[in-house]
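Undergrad: Have a look at the structure that comes next, please.
The values are calculated or read from the model by the stated rules, or taken from the named source; none is laboratory data. Here the structure is a predicted model, which is why all the values come from computation and not from measurement. Cβ: placed from backbone, ideal geometry, glycine included. Neighbour counts: every protein chain shown. Heavy atoms of the whole protein, side chains included, go into the accessibility calculation; ligands, DNA and RNA do not. Shrake-Rupley method; radii C 1.70, N 1.55, O 1.52, S 1.80 Å.
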Amino acid sequence: MSDPSTQNPVAQQAPTLAPVEGRPSNRIAPADAGSDIFFAAVQTTRMPMVVTDPHRDDNPIIFCNEAFSFMSGYSQDEILGKNCRFLQGPETDRAAVAEVRAAIEKREEVAVELLNYRKNGSTFWNALFVSPVFAENGELRYFFASQLDISRRREAEEALHEAQKMEAVGKLTGGIAHDFNNLLQVIQGYADILDARIDANDRSARRAVDAISTSASRAATLTQQLLAFARKQELRDRLMNLNQLIGDFRAILERSIGTGITLKRDLAANLWNCRVDPVQAEMALLNIVSNARDATGGTGKVTIATRNAVLPEDASVAKLEPGEYVVVSICDDGPGIDLATADKLFEPFFTTKEMGKGAGLGLAMVYGFMRQSGGLATVRNGDNGGAEFSLYFPRASGAVERKPSAPVAPRSGGAERVLMVEDQAEVGELGRTILEDLGYDVVLVNSARGALDTLARDSDFALLFTDILMPGGMNGVTLAQSVRRDYPRTAVLLTTGFADEAIDEGSRSFELIRKPYRRNELNERIRQVLDKPGART
Ligand code: ADP
């Protein structure tokens, strides 16, 4: 076997490498380094490179440039003489390693992406390209390997893949939930009507109606969670401080998780404000804390902490834009979450709980809500090994808005004229029946255009009650805006079971009732709108 120190790994191309004095004999360097532009380039390039000698035992590295040393965290002396496998660790893909080994045996080129380990134990993704170097007579001399730390690209790809998966599931879920909402509106609505009409003594009829109502309202909750995951729920956000919300909500949280769990708070002073739908934020907290209760078996400690965070300095969250965030972390002292579960737990219907215990929608709802709020929910295991969920809300500026005042007690219905717009025939019929039952005088049309035509003939309506999403070019928000402009004496109440960012913006200046709504709820909202001072200017 020839002495590698006298051979040049890239001899076929020009420069001559020679042993460095006082260095291990496997170290090779240019004979005339000063004039050797090629060698200088290899040394100074940011692309990590090594040369190995297949004629020696275990194919050791006989040359590495500074970029390789920098990438791996090892000094040149620690690297030279070792086989490249010292970069591998427990999570390195064995199949990829076998692919490299096979190529080396066959003296062929190979390109793979490998998870490698630095000297300090941290990992990075290495795009490795290995190629054999042959002498002019065709004899194998060396292997040359270039490497590239592609961790950022891999992270971005993984985040994108994850986002695309969630987006696709979200679209499907949102579509189903939207149609379901309309069906539920009809089921629940007619159950309410029956309930008001059946004989007080007819116990079996009442039991039947109660069962329909209870199941329908359970289905409505599920549908709402699906819409939340699909980021299609109606968010009513306001500027607030989450320390305040956590303080106000504490008593309810404590009651719902039971006495075995100690709830601790660690709230940052001077916490920034953010824009949040408080009801949904409370639901998210409740979901996470209930999971913590289940994970700890009902006895343990749950800590809710808040802090301000500036990304990316504070933490690198690949899926979040750099910027200022308010972070709410909830950590428990349960068994924590394994990698396979962590990968899936925000997906709808993922549960590890026994049948009947979990629907797997709690965290899906949290995920969708956080995305829709411009932030993100993340999970990792905390320092004590238990699960730690973090909710990142974008910081918002401005003064905190006061809580809306408690709704006025509903009177029984009124006798005003209502123009109702609903494209779904059954939902429309139901709405008309409820409103007429309450005493209102109702005209029902099935499109925005139909509503404008009606108003052009007869504008004496106290209220326009319209669905938002309607086919035919004009949606309920556009209709409401034109009614506000042309018929200011007619008040407006919108309804929808579905949120859409574009519509959201426009709908903010109108009152809205979420579908499916109940008879009493609708009456209450209509009275709020009609009895508000200046409602019909
Ligand atoms: P569900 O509670 O109906 O199972 P979720 O979406 O709320 O649905 O939770 C999904 C899964 O995430 C749970 O079944 C459980 O495996 C896991 N999980 C959630 N929170 C924790 C936690 N604090 N500790 C351990 N595992 C958890």
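Undergrad: If contacts are Cα pairs under 8 angstrom and at least 6 residues apart, what is the relative contact order of region 46-151 in percent? Please list the in-between numbers first.
TA: On the way: 205 pairs, mean separation 28.7, N = 106.
The value is 27 percent.
Undergrad: Further question on the same structure: How much of Thr223 can a 1.4 Å solvent probe reach, expressed as accessible area in Å² and rounded to 10?
TA: So the heavy atoms of Thr223 present about 10 Å² to solvent.
Undergrad: Enumerate the whole-percent occupancy of each 10 Å bin, from 0 to the last occupied one, for all C-alpha pair distances of region 62-188.
TA: Spelled out bin by bin, region 62-188 gives 11, 30, 24, 12, 9, 8, 5, 2, 0 percent.
Undergrad: Got a sec? What order do Glu422, Glu91, Glu167 fall in by accessible area at 1.4 Å, biggest, i.e. largest, first?
TA: On the way: Glu422 5, Glu91 125, Glu167 80 Å².
The residues order as Glu91, Glu167, Glu422, largest area first.
Undergrad: Could you state how much accessible area Ile176 has, in square angstrom rounded to the nearest 10, with a 1.4 Å probe and all protein chains kept in place?
TA: Spelled out: Ile176, probe radius 1.4 Å, area about 90 Å².
Undergrad: I need the Debye-formula profile for region 40-121: one equal scatterer per C-alpha, no solvent, reported as log10 I(q)/I(0) at q = 0.16, 0.19, 0.20 1/Å, two decimals.
TA: -0.65, -0.93, -1.03
Undergrad: I would also like to ask the following. State the antiparallel share, in %, of DSSP beta bridges confined to the chain, rounding to the nearest 5.
TA: Values: 52 of 76 bridges.
If we restrict to bridges inside the chain, about 70 percent are antiparallel.
Undergrad: Each residue of region 426-439 in turn: what ³J(HN,Hα) in whole Hz from Karplus with 6.51, -1.76, 1.60 and θ = phi - 60°, glycine and Pro shown as x?
TA: Values, residue by residue: 5, 5, x, 4, 4, x, 4, 4, 4, 5, 5, 4, 7, x Hz.
Undergrad: Keeping every protein chain in place, order Glu324, Glu78 by accessible area at 1.4 Å, biggest value first, i.e. largest first.
TA: Numbers: Glu324 85, Glu78 60 Å².
The ordering from most to least exposed comes out as Glu324, Glu78.
Undergrad: Grab the other residues whose beta carbon is less than 14 angstrom from that of Arg207, score K and R as +1, D and E as -1, and report the net.
TA: Numbers: positive: Arg203, Arg206; negative: Asp195, Asp199, Asp202, Asp210.
That sum, taken over residues with Cβ under 14 Å, equals -2.
Undergrad: When the distances between all Cα atoms of region 119-261 are binned every 5 Å from zero, what whole-number percent does each bin get?
TA: 2, 7, 8, 7, 8, 9, 11, 10, 8, 5, 4, 4, 4, 4, 3, 2, 1, 1, 1, 0, 0, 0
Undergrad: What accessible surface, in Å², does a 1.4 Å probe find on Ser329, ignoring ligands, DNA and RNA and rounding to the nearest 10?
TA: Number for this one is 20 Å².
Undergrad: When only Cα pairs under 8 Å and 6 or more residues apart are kept, what is the percent relative contact order across the chain? It would help to have the intermediate numbers written out before the result.
TA: Values: 935 pairs, mean separation 51.7, N = 537.
After rounding, I find 10 percent.
Undergrad: Next question. Starting from a Cα-only point model with no solvent, please compute log10 I(q)/I(0) by Debye for the chain at q = 0.07, 0.10, 0.12 1/Å.
TA: -0.60, -0.91, -1.14
Undergrad: Follow-up question, since we're still on this one. Counting Lys and Arg as +1 and Asp and Glu as -1, what is the net charge of the other residues whose Cβ lies under 11 Å from the Cβ of Asp343? It would help to have the intermediate numbers written out before the result.
TA: Values: positive: Lys165, Lys344; negative: Glu158, Glu162, Asp338, Glu347.
Around Asp343, the charge tally is -2.
Undergrad: Go through Lys301/Lys357; Lys264/Lys515; Lys319/Lys532 and tell me which ones have a Cα-Cα distance over 32 Å in this structure. Intermediate values should be presented prior to the final figure.
TA: On the way: Lys301/Lys357 22 Å; Lys264/Lys515 36 Å; Lys319/Lys532 43 Å.
Listed pairs above 32 Å: Lys264/Lys515; Lys319/Lys532.
Undergrad: Then there's this: What order do Phe86, Phe143 take when sorted by accessible area (1.4 Å probe), most exposed first? The partial results should precede the final answer.
TA: Numbers: Phe86 40, Phe143 5 Å².
Final ranking, largest accessible area leading: Phe86, Phe143.
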